[in-house]
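Working notes, beginning with the structure itself.
Every number in this text was worked out from the coordinates using simple rules, so none of it is lab data. Since this is a predicted model, take the numbers as computed values, not measurements. Don't worry about glycine lacking a Cβ; one is built from the backbone with ideal geometry, like all the others, and counts go over all protein chains shown.
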Amino acid sequence: MKLRLLILLTIALPRLALAAPLPTEVTPTDVVVDPPVTPTETDELLPFKLSLPTEEDAAAWQQPGFRLQMGTGFGILSGIDGTPGSKNVPILVRIGARLDHDWSLFGSFQFAVAGWRKNGDLSGLRFAGTIDPTWHITDHLDVAAGFGFGGLVEGATGRSDPNAEQRASLVASYTFPSARTPMVACSGVGVAGLLRATYMWVLGPLSATGFAAQADGQWTACVENVGRVEPDTAQSIVRRQWWSNAGGSLTWLISWR
């Protein structure tokens, strides 16, 4: 009996296993995805704007406005009719404005330390200030003509007095007829003029650099106070001598706007 029951169980168990329903496959939950944003909807969220065009640097320098130039270089100031001359190191400052596409107006201030030659030549400080109308021939090249004042302040020069005895005998101011025998030292002011050509390269919207070649002249009234006064007018007795100089310089410049 037990044997028969064992046989029946052996036969029935595989059939029951085959007849049992298989477990259903679990599927992942569907993910809800938002619909893609269309270009039209993007335009409504972020309005389209045109960017401003970039102005060329060279064109910006042609616009009216403030200008500042500074530079230094090498120059020569020669004497005329016996006037002393010398090599010098000029320092140039120009302040002005661009008026339109073709013209600018500058005020130029130049200082130069002179005295690189032999003993007796010009030795001291030279200065000048001029008003310079400037014509812009091209985007890079311009020419200027200036007129104003100029002066000299000399220190020790090693020159001898053209008339030492005269200092003690003068009863009135005296002007030397020429500068063939120059005074011991010249201190005075006069008139000055210049012609300048400048070539500039634009570095950016706010800066430029270049070179300036300049020819200039100066007529200076040198004045020496002898330390006494005129008996009739009580004015100081002075000796004067007119110096004429002409020269030129080459200067490296940096410009800002």
Legend entry - Full-extension gain in nm, MET70 to LEU105, via 0.36 nm per residue minus C-alpha separation: 11.1 nm
Inset, instruction - For GLN63, put the label point 7 Å out on the Cα→Cβ axis and report which residues of segment 136-179 keep their amide N under 20 Å from it. - result: 136, 139-140
Inset, instruction - Would you please name the trypsin sites (Lys or Arg not before Pro) within segment 103-170 that are DSSP coil residues with at most 16 other C-beta atoms within 10 Å of their C-beta? - result: ARG117, LYS118
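To the nearest 0.05, how large is the calculated FRET efficiency for PHE149 and TYR174 if R₀ is 35 Å and r is the Cβ-Cβ distance? Don't jump to the answer; show the numbers that get you there.
Working: r = 24 Å, r/R0 = 0.69.
E(calc), rounded to 0.05, equals 0.90.
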Legend entry - Contour excess over end-to-end distance, with Cα ends at ALA197 and ALA213 and 0.36 nm allotted per residue: 5.2 nm
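Using a Förster distance of 51 Å, how high is the FRET efficiency between VAL226 and LEU206, based on the Cβ-Cβ distance and rounded to 0.05?
On the way: r = 54 Å, r/R0 = 1.05.
Working from the Cβ atoms, E equals 0.40.
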